[in-house]
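Report on the structure given below.
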Amino acid sequence: MSIQESLRTPTTPEAGPARHPGLILAFLCLAGFMTFLDVSIVNVALPTIEDELGISQTALQYVVTTYGMVLGGFLLLTGRLADTLGRRRMLQTGLLLFAASSLLAGLAQNSSMLIGARGAQGLGAAFIATAALSLLTNNFEEGPARNKALGAWGALSGVAAVAGVTLGGLLTDGPGWRWIFFLNVPIGIIGALIAPLVVGESRAAERTRGFDFAGAVVLTAGLILLIFTLGQTIDDSDVPAARIYGGFALAAVLLIAFLFIERRAKAPLMPLGIFRRPSLRAANVIAILLLGTCVSLFFFASLFMQQVLEWSAIRTGLAYVPLALTTAVGAGIASQVVTKVAAKPVLMVGLTLVSGGMLLLWNAPSDAAYLTELLPAFIICGLGLGASFVPLQISAFAGSEEQEAGLAAGLINTAQEIGGALGLAVAATFAFRRIPELTAKAHGVPDLVREARTTVFHDAFLISAGFAALAFLVTLVLLPLTKAEDQPAGTPVH
């Protein structure tokens, strides 16, 4: 079963309404907060990590993309495992795996160790996110109680975004970037130990017919290989062309094999028939493009502020606060507007704002002032992102049958995670392709080096704006008109 299928799935008698709802909600939200936080917390620390571990700037993207790709690739499988083997048990498994991999990341002495640990973190996060959300929906009865609980859960993503970049700046400038990961260790261990004292075990009454391990592994391997090969095209070393072409070919073979596996699997992760719905098809494509813009924004804006404007890590983190606040404002406005008009025009307005904000960053000079050149871009981007996420979720669920709602939720979450990782990989490939040429022209002169870096980041902001513009075109051409009441009753909108 997928990430939110517990909304519709009967459970064993062990589960039921929460006896201590406030405590259970706080515990599960803290567990989910860890996974959301680690998407963004590392961004501000990237320049410091680059210097201390000697990671090339072209390979730096893997510190971010590996986490998101593994998390997205295993969301659907871990949801099925949680429903069958026990949601609390899988939550504990995820917390311990997340703690252990965070310890390895904090102790990393080279790029391979750090990137490998980030992948393991992503797998732990997949277990935590699916199990915690399933336990939350299972412990709160359908209606106002569940809606409030889901509202608190949904608000975490926006809070975690600003908390991640701000806390990342504080830790990097304070005890050091390694504490970004060390912080997770005691939280994960304590969380796993106290879980039985806080929340009861629950399973789906109808056990799944099997687990599509092959599908999850092949999908994740194909996407990771695709991202790695994209990075090889702009690697500082002289990578043989045969290795690059071979990497793309093997990635294509793995992704095609995933489609064949899904067609033949008894319990496929992604039943291909669900994509017959035009609204869901379009919403997942838009989610990939929108999250590609969002993740690229955090990654490259962090590098721009520290490597071009020479800001400290903490100042960079605090610079994101208005963006997070306006994202919440945009989401609040969109939540009201979509009850009166269709989701499509609201989404188109949001995507237009995101494109405009990214174009402002594209024009930011190498001596940009925060109040006049960065802050307006962040405010516009924030309003646009908030105004886009709400109608996007509504579009993903529109027209779903009752039994499909969980699968639709799992697919849109997977598309968002994969889109963030894949979009960043494409943007980095496009932007970093000119590094050798620009570095040679700079001749080590500080002002010329700063201008060269500005050019690289401008290219990244431009391709990110292109993602949002393409998402606008997909919305305009392919997304049907859907209203909030078109989604199944009880389906949460984050």
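None of the figures in this text is laboratory data; all of them are computed from the coordinates on show. These numbers were taken from a predicted model, which means no experiment stands behind them. Please note: Cβ atoms are built from the backbone with ideal geometry, for glycine as well, and neighbour counts cover all protein chains shown.
In the chain, helices alone account for a calculated mean residue ellipticity at 222 nm of -25000 deg cm²/dmol, with every DSSP H run of four or more residues adding -39,500 (n - 2.57).
Placing unit charges on each Cβ (+1 for Lys and Arg, -1 for Asp and Glu) gives the chain a dipole about its Cα centre, and among F298, I435, F36 the Cα reaching farthest toward its positive end belongs to F36. Based on the Cβ-Cβ distance from R315 to L272, what FRET efficiency comes out when R0 is 51 Å, to the nearest 0.05? Approximately 0.60, to the nearest 0.05. In this Cβ point-charge picture (+1 for Lys and Arg, -1 for Asp and Glu), the chain has a dipole of about 1060 debye about its Cα centre.
The mean sequence distance of close C-alpha pairs (under 8 Å, at least 6 residues apart), as a share of the length of the chain, puts its relative contact order at 23 percent.
Relative to the Cα centre, the charge distribution of the stretch 273-494, modelled as +1 at Lys and Arg Cβ and -1 at Asp and Glu Cβ, gives a dipole magnitude of about 220 debye.
Note: relative contact order over the stretch 273-494, using C-alpha pairs below 8 Å and six or more positions apart, is 40 percent. Sorting 417-423, 334-340 by average packing, meaning the other beta carbons within 10 Å per residue, from highest down gives 417-423, 334-340. Once the Cβ-Cβ distance between S366 and R264 is put in as r, and R0 is 45 Å, what FRET efficiency do you end up with, to the nearest 0.05? Computed FRET efficiency for S366 and R264 comes out at 0.25. Relative protection proxy for 211-218, 448-455, from highest mean packing down: 211-218, 448-455 (other beta-carbon atoms within 10 angstrom). Close Lys pairs in the chain (alpha-carbon distance under 30 Å; sequence gap of 8 or more, or different chains): 5.
Placing unit charges on each Cβ (+1 for Lys and Arg, -1 for Asp and Glu) gives the stretch 273-494 a dipole about its Cα centre, and among V338, G356, A471 the Cα reaching farthest toward its positive end belongs to A471.
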